[in-house]
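Asker: Would you mind keeping the following structure in view while I ask a few things?
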Number of protein chains: 4
Amino acid sequence: MRTGVWLVGARGSVATTSIVGALALRAGMAGPTGCVTELPEVRGPALPAFADLVFGGHDVVATPLAKRAEALAEAGVLPARLVAALSEELAAVEREVRTAASGGNQADRAAALVRDLTEFRDRHRLARVVVVNVAATEPACRPHPAHADPDALHAALAGPDEVLPPSSLYAYAAVTAGCAYVDFTPSTGLRLPALAALADAHRVPYAGHDGKTGETLLKSVLAPMFAMRHLAVRSWSGINLLGGGDGVTLADPAANAAKVRSKQRVLDETLGYLPQGDTRIDYVEDLGDFKTAWDLITFAGFLGTGMRLEFTWHGCDSALAAPLVLDLARLTAAAHAAGHTGPLTDLAFFFKDPLGDGTHSLAEQWTRLRAFTRRLHTGGADDPRG
Amino acid sequence: MRTGVWLVGARGSVATTSIVGALALRAGMAGPTGCVTELPEVRGPALPAFADLVFGGHDVVATPLAKRAEALAEAGVLPARLVAALSEELAAVEREVRTAASGGNQADRAAALVRDLTEFRDRHRLARVVVVNVAATEPACRPHPAHADPDALHAALAGPDEVLPPSSLYAYAAVTAGCAYVDFTPSTGLRLPALAALADAHRVPYAGHDGKTGETLLKSVLAPMFAMRHLAVRSWSGINLLGGGDGVTLADPAANAAKVRSKQRVLDETLGYLPQGDTRIDYVEDLGDFKTAWDLITFAGFLGTGMRLEFTWHGCDSALAAPLVLDLARLTAAAHAAGHTGPLTDLAFFFKDPLGDGTHSLAEQWTRLRAFTRRLHTGGADDPRG
Amino acid sequence: MRTGVWLVGARGSVATTSIVGALALRAGMAGPTGCVTELPEVRGPALPAFADLVFGGHDVVATPLAKRAEALAEAGVLPARLVAALSEELAAVEREVRTAASGGNQADRAAALVRDLTEFRDRHRLARVVVVNVAATEPACRPHPAHADPDALHAALAGPDEVLPPSSLYAYAAVTAGCAYVDFTPSTGLRLPALAALADAHRVPYAGHDGKTGETLLKSVLAPMFAMRHLAVRSWSGINLLGGGDGVTLADPAANAAKVRSKQRVLDETLGYLPQGDTRIDYVEDLGDFKTAWDLITFAGFLGTGMRLEFTWHGCDSALAAPLVLDLARLTAAAHAAGHTGPLTDLAFFFKDPLGDGTHSLAEQWTRLRAFTRRLHTGGADDPRG
Amino acid sequence: MRTGVWLVGARGSVATTSIVGALALRAGMAGPTGCVTELPEVRGPALPAFADLVFGGHDVVATPLAKRAEALAEAGVLPARLVAALSEELAAVEREVRTAASGGNQADRAAALVRDLTEFRDRHRLARVVVVNVAATEPACRPHPAHADPDALHAALAGPDEVLPPSSLYAYAAVTAGCAYVDFTPSTGLRLPALAALADAHRVPYAGHDGKTGETLLKSVLAPMFAMRHLAVRSWSGINLLGGGDGVTLADPAANAAKVRSKQRVLDETLGYLPQGDTRIDYVEDLGDFKTAWDLITFAGFLGTGMRLEFTWHGCDSALAAPLVLDLARLTAAAHAAGHTGPLTDLAFFFKDPLGDGTHSLAEQWTRLRAFTRRLHTGGADDPRG
């Protein structure tokens, strides 16, 4: 069952690492480290095989995938031998990457995107396509009355306004083309009432927001630890130092704010109170594709005794995100195939700022993920639309 | 339902903190921070109230509880105002602390311990007594043929040999006196076939081993995180710097070895493989009742990219352990009252080296603990002996 | 030779700790840990003895010193027994603390301050008085034409404008009263051409700016280490988490900017280039009088190999600053006595943002300090005014 | 003035990095980052140019330099493009590397070494040769009566005993051949009375011991910082995690002990007292050529307030050591040329465990180094033999 994976931001680090990795897995040149869908508790017949994934996408930059892959190899993110060995396969994917149209009103541009998606699906005879947003984080979205309702939205897009931010225009196009949608970034994407209604109308599932790859991943196990032990977290402060493209974007305070908000949500909702302290994001070019996060947690134990935990996480965002992008493409495609529509709240395991009201505890999200995939693999006794 | 808590090592830091804390809670002078049994998910009618706990115990040192409490206040472990306000109550507990007999053979000494326990139970008209070992860690136990079987053990104790290490002699006395037993240390305690058989024969429950208060607590949430994300942990190295009495004991390589072994078990059993690296324990007197642990974890993500996590935990062992001692006393007493006998494997949440074959994941241990306490509170549909 | 120490911000943590410490030293109840002027390389006959120091000061808050000292004892900054034992001596100092006048124009207020200083000097028959600013950090100073020249300044002060920020009004009063002045904070203080000219005219010495107590102290030994080893520092990022009064003040971005600027100067001037990265300051109330700074330094070695150093400094600002306040009072008084006037650039050892063009290397500053004090103690072959 | 650099352990990581680096510098393909002798304060006409250095050496392993260099490139220690571009030059050096003879008694083997050295010097018409020991650390040396005196040593070497450890046999051969000797390791090398006497007799200079590249480098600036501020260091504990060849060697407790001892010396001699705490060395294969050191320092400030500093150093030993090897070869050759003989105590800047009684403060060692090189460059007013 051939499945399309259409990456918005197809020439970025995360997309390139996802593509190289999937090609390497298909060729038997690499193992599935980091791929949650290859764990015994999750894998199964409902998921499309790596060999069944066909990649395409949009980007605004023109650097070819192969060049990007070489740069990532030099930076220690990708093994140089993989990049060299997969040059032909990368060239084939390159032919499926389109530069996003920039002229006309938003309705015209959306129509062009829909055309790209349907042609991609037809050309490769794909059972379905999952659109995954891995483009740079946008500033917070400016409200517009047309966000409230699909009809108003249709009308407004035909006008001169920039009604939707780019991530939401992609979401609009994806849904209209009958494609499932995954938002791996904190950008607005499908988080507008008009778009959610449209997704329901087109009976497509969607997942998001903001892949959980570093500091928040740790928060989602450490905050429950403090809660389960009835320890009182007094302050939780952190700083994220990042190089790479995302670093520059997030140095912009507007984008930064969105990211920081989604990072603190896990604390409030897990602990039941918000401790003192902030999370900072700073750009340090020298760190390249790596990210260093330092957090200080002060907490009180029995009779108020003060204690502290510090951690430093030195991770490579692309290497952490890419296998999750593949996981989400496979899971969302399988959910689509099984008839799921609307928000896939059972995929909260993957996200900093998950859809729905569920828990932020990684362990409880894991339990939900396993139950969800078990139902997918067995055909599920419960209503798959539930 | 008045319940006795008999502490082996009653004048140590952990015991003193437990006693002061319970008295403060009873007097409404402190909140239950750190007490798992006061979380909404765990608390309920089956547990004896703090006001129902009556303390006693043995120790080999003679420093009065009040003196010890003052020293702990000076070291920042206990609030000075609590210690001052509770001096009368502490004096009352002091009268229930016995110095362990040292003459005669082990049978004689065990008989003296049994007498102390039964007199304590009778004097205070207690429904039952839980014996909790919080004494300093012993060196690894020397094997003896009489460890295999209760009859051989009875016979050997009457002879001249030191058949049982002190922790096991207490366990023997506790079980013989019909008391439940909790081993909060890595010492041998009830972990001998003869004693397990004896516990079954006397129909008492027991729990252990080695309270999970610091580095291992973190391991029990971080190792599952790596496993759930299919990340390959390549090395996990750590050093524990501790002052206080336990520090001196553990500087002894023999005791150290037992502790280190129980600390690494969680990794092997959670990850399914043992990463490179060791855990060290060093004594640094200046740290007093606090402990600093530093761990470095190196791991590989997608396509082998190397990453790292470091943490520093600066905790106060007494403040972390004491509320768990109270939790375990309450839970074990409730289990005893409900007819449970043998190893309480559902209490694995509290231990570094838990009884039974269960998971080392804190989240899964938490699920088991909640199910267990729910059954205790509701009278339990399942066989409480199961 | 009795010497006055007039503290601006006399009821703050730093001032209180300085006073309690000096009283304790005088009473033989504490040792001189942290006092540079008690090291064999620095001490000597030219310095006034601790017993010769007489304390007074101004503050805008009214909490008595004794109350503040008790709060510091509770927070673990001062030993409770010292505070209790010195209550009479503290009450005596309390009588020398004035609340700053707030009515009238700045000339009136300056005159009142001068009166307070001269009365203090006369009342206690002091050989001289050193005014030390340990008040909370001010926002950056707003330029005013009268800052350029003493005559313009005199004229402007008599008008309705707030011509000088508070720290500079104190500096103005100190100099006018013939007192030496030390700025222990990053506030403007004496750093205005009109005030420098005035200090020269009144032949008083002055020292500053901004006591070097934490992260910058480390920078002043680590940056030279990288330089001496010809290692290329690529980035130096840091975050300072502080509770206490100074934390609140510095959460104000305007004050923050001044502090951050003085913190980065050491890097640029020691390395000869400014690495990537910023220093952040955040307020975390729970840290109280303590401060946690975390720095990440990435650097390149031979052939460009990337490496890293991280440090966490957990210090108590008051305990670090107070002995330096005493050192500076003693050294500045001795310099005044020896006839020094103008900026005391040889005291750069103590400051984040030292007066003059000298080195930021702590070791070289130390060499200068030793030479300076040797000259003081021996009467100095070179011209003391040099 | 062509100068030979004869490396004992010529195919190890440090030697290979030194050779590749020197070749790259000569070819203008790399800059001198990490080379102290290229700093303005140190460089000058007395030092042989990089282009004048001719490399040779001994090793017991047979892996060619080029292979080793490729492995180091894969591990991120050397840039792959340099290794590729310098293959011819590396092959030329390869021809100068000898496998150490293993038959015969120690006198025979020493004679073979002397022959190798003199032939190397003659073949390349070298003005002089510096022998640098960069071989793996040896266990502590077993005492032998012949260590006391040159005559006894000559006699004993002709016998059947292994009188000298390998590093000392090399030192013996170097001195006998009239070569200067540098010990970059903690092994015994020239530290035997008989060898020191022999070096004097042959009028050669020597330097050592144990290159200061990581944790001890930090200690040599941090310990003086605490001392200059009169802060009381209560404990200094550390752990060094190392992969690579040296890691395996040092996992051997005997070698470990020598290293640990030289690491603590700096504290005792700088502070004037030895704080609590130990330094541990552990082998973690996954770290490869990198080393992670973590240190915790607890210290007391004014009135005893407890504070702490933690640091993590993540360095590449080869990249840190190699430029110092070149520095030492240049400096020792220049000293030899200038007529210096005996221990070069002015080179303490480079060593963990320096010859002579001098300071361990990096800043003071730097002052001495600069004075020394200034004298070398100017022909020196003082007696160069002094």
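Asker: Quick one: count up the residues across the range D:151-173 that are crowded, with 20+ Cβ neighbours inside 10 Å and not aromatic (Phe, Trp, Tyr).
Answerer: 11
Asker: Considering (1) within 23 Å of B:Val60 (Cβ to Cβ); (2) surrounded by fewer than 21 Cβ atoms within 10 Å (Cβ to Cβ); (3) within 14 Å of chain A (Cβ to nearest Cβ), say which one B:Asn105 fails and leave the rest.
Answerer: Unmet for B:Asn105, out of (1) within 23 Å of B:Val60 (Cβ to Cβ); (2) surrounded by fewer than 21 Cβ atoms within 10 Å (Cβ to Cβ); (3) within 14 Å of chain A (Cβ to nearest Cβ): (3).
To keep it simple, each residue is scored yes or no on (1) more than 8 Å from chain D (Cβ to nearest Cβ); (2) surrounded by fewer than 21 Cβ atoms within 10 Å (Cβ to Cβ).
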| site | (1), (2) |
| --- | --- |
| C:Thr312 | no, yes |
| C:Gly315 | no, no |
| C:Val325 | yes, no |
| C:Ala337 | yes, yes |
| C:Leu344 | yes, no |
| C:Phe350 | yes, no |
| C:Thr359 | yes, yes |
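Asker: I need every pair where a residue in the range C:341-358 that is over 15 Å from C:Leu267 (Cα atoms) has its Cβ under 8 Å from the Cβ of a residue that is in a loop (DSSP other than H, G, I, E, B) and at pLDDT 95 or above, sequence separation at least 6 or different chains.
Answerer: Correct list of pairs: C:Thr341/C:Arg203; C:Thr341/C:Val204; C:Leu355/C:Leu344.
Asker: If you don't mind, there's one more thing I want to ask. For the range B:12-68, give me each residue that is under 24 Å from B:Tyr181 (Cβ atoms), of a type in the set (Lys, Arg) and surrounded by fewer than 16 Cβ atoms within 10 Å (Cβ to Cβ).
Answerer: Passing the criteria: none in range.
Asker: Any chance the range B:297-305 includes a residue that's outside the structural domain of B:Trp236 (by TED's automatic domain parsing), closer than 30 Å to C:Thr312 by Cα and in contact with a helix residue (DSSP H, G or I) (Cβ under 8 Å, 6 or more places away or on another chain)?
Answerer: No.
Asker: Given (1) part of a helix (DSSP H, G or I); (2) modelled with pLDDT of 95 or more; (3) within 14 Å of chain D (Cβ to nearest Cβ), where does C:Ala333 come up short, assuming only one miss?
Answerer: (3)
Asker: Right, next: Given the options B:Thr345, B:Thr367, name the one that is polar (S, T, N, Q) and within 27 Å of B:Gly9 (Cα to Cα).
Answerer: Going through B:Thr345, B:Thr367 in turn, the sole match is B:Thr345.
Asker: Give the residue, chosen from A:Ala110, A:Ala46, that is more than 30 Å from B:Leu271 (Cβ to Cβ) and more than 14 Å from chain B (Cβ to nearest Cβ).
Answerer: So the residue among A:Ala110, A:Ala46 that is more than 30 Å from B:Leu271 (Cβ to Cβ) and more than 14 Å from chain B (Cβ to nearest Cβ) is A:Ala110.
Asker: Quick one: which of B:Arg370, B:Arg308 is within 13 Å of chain A (Cβ to nearest Cβ), surrounded by fewer than 24 Cβ atoms within 10 Å (Cβ to Cβ) and assigned to a helix (DSSP H, G or I)?
Answerer: Answer to the selection: B:Arg370.
Asker: Now a separate question. Only one of these is closer than 24 Å to A:Leu362 by Cα and outside the structural domain of A:Gln276 (by TED's automatic domain parsing): A:Tyr172, A:Tyr206. Name it.
Answerer: A:Tyr206 is the lone residue from the list that is closer than 24 Å to A:Leu362 by Cα and outside the structural domain of A:Gln276 (by TED's automatic domain parsing).
Asker: Please go through the range A:197-218 and pick out each residue that is under 14 Å from the mean Cα position of the chain (by Cα), in a strand (DSSP E or B) and more than 14 Å from chain B (Cβ to nearest Cβ).
Answerer: Selection gives A:Tyr206, A:Ala207, A:Gly208.
Asker: Conditions first: (1) outside any loop (DSSP other than H, G, I, E, B); (2) away from chain D (no Cβ under 14 Å); (3) surrounded by 17 or more Cβ atoms within 10 Å (Cβ to Cβ); (4) out of contact with any strand residue (DSSP E or B) (no Cβ under 7 Å at 6 or more places or on another chain). C:Arg115 passes all but one, so which condition is the exception?
Answerer: Failed condition: (3).
Asker: Could you list, in sequence order, the residues of the range D:282-292 that are more than 10 Å from chain C (Cβ to nearest Cβ) and either part of a strand (DSSP E or B) or on the phi < 0 side of the Ramachandran plot (or both)?
Answerer: Within the range D:282-292, D:Asp282, D:Tyr283, D:Val284, D:Glu285, D:Asp286, D:Leu287 qualify.
Asker: Would you mind listing the helices (runs of 4 or more DSSP H) fully within the range B:1-85 where at least 3 residues are within 22 Å of B:Ala135 (Cα to Cα) and under 19 Å from the mean Cα position of the chain (by Cα)?
Answerer: So the answer is B:13-26.
Asker: Would you mind stating whether A:Ala322 is under 22 Å from A:Gly4 (Cα atoms), touching a Phe, Trp or Tyr at 6+ places or on another chain (Cβ under 9 Å) and part of a helix (DSSP H, G or I)?
Answerer: yes
Asker: A further question follows. Would it be correct to say that A:Asp210 is at positive phi and in contact with a strand residue (DSSP E or B) (Cβ under 7 Å, 6 or more places away or on another chain)?
Answerer: For A:Asp210, the condition - at positive phi and in contact with a strand residue (DSSP E or B) (Cβ under 7 Å, 6 or more places away or on another chain) - is met.
Asker: Which of the residues that make up the range D:257-278 are at pLDDT 90 or above, buried (at least 20 other Cβ atoms within 10 Å of the Cβ) and not in a loop (DSSP other than H, G, I, E, B)?
Answerer: Listed by number, the residues that qualify are D:Leu267, D:Thr270.
Asker: Out of D:Gly34, D:Gly21, D:Gly12, D:Gly57, which single residue is in contact with a Pro (Cβ under 6 Å, 6 or more places away or on another chain) and either in the same structural domain as D:Leu117 (by TED's automatic domain parsing) or at positive phi (or both)?
Answerer: D:Gly34
Asker: Kindly provide the set of residues from the range D:23-41 that are over 29 Å from D:Glu88 (Cα atoms), at the interface with another protein chain (Cβ under 9 Å from one of its Cβ atoms) and out of contact with any Phe, Trp or Tyr (no Cβ under 9 Å at 6 or more places or on another chain), ordered by number.
Answerer: Matches in the range D:23-41: D:Leu39 only.
Asker: Could you list, ordered by first residue, the pairs with Cβ atoms under 8 Å in which the first is in the range B:34-46 and of a type in the set (S, T, N, Q) and the second is part of a loop (DSSP other than H, G, I, E, B), at least 6 apart or interchain?
Answerer: Short answer, once both residue conditions are applied: B:Thr37/B:Arg43; B:Thr37/B:Leu47.
Asker: Sticking with this structure for a sec: Any idea which of B:Leu65, B:Leu82 is closer than 14 Å to B:Ser18 by Cβ, free of Cβ contacts under 8 Å to residues at least 60 places away in the same chain and not small (Gly, Ala, Ser)?
Answerer: B:Leu65
Asker: Which condition does C:Asp353 not pass, out of (1) assigned to a loop (DSSP other than H, G, I, E, B); (2) of a type in the set (Asp, Glu); (3) outside the structural domain of C:Pro205 (by TED's automatic domain parsing), if it passes all the others?
Answerer: Of (1) assigned to a loop (DSSP other than H, G, I, E, B); (2) of a type in the set (Asp, Glu); (3) outside the structural domain of C:Pro205 (by TED's automatic domain parsing), only one is false for C:Asp353: (3).
Asker: Could you count how many residues in the range C:86-123 are touching a residue at least 60 places away in the same chain (Cβ under 8 Å) and over 23 Å from C:Tyr170 (Cα atoms)?
Answerer: Result for the range C:86-123: 3.
Asker: If you don't mind, there's one more thing I want to ask. Taking the criterion of being among the charged types (D, E, K, R), out of contact with any strand residue (DSSP E or B) (no Cβ under 9 Å at 6 or more places or on another chain) and outside any loop (DSSP other than H, G, I, E, B), would at least one residue in the range D:158-177 satisfy it?
Answerer: no
The values are calculated or read from the model by the stated rules, or taken from the named source; none is laboratory data. Computed from a predicted model, the values in this text were never measured in an experiment. Cβ atoms come from the backbone with ideal geometry, glycine included; neighbour counts cover every protein chain shown.
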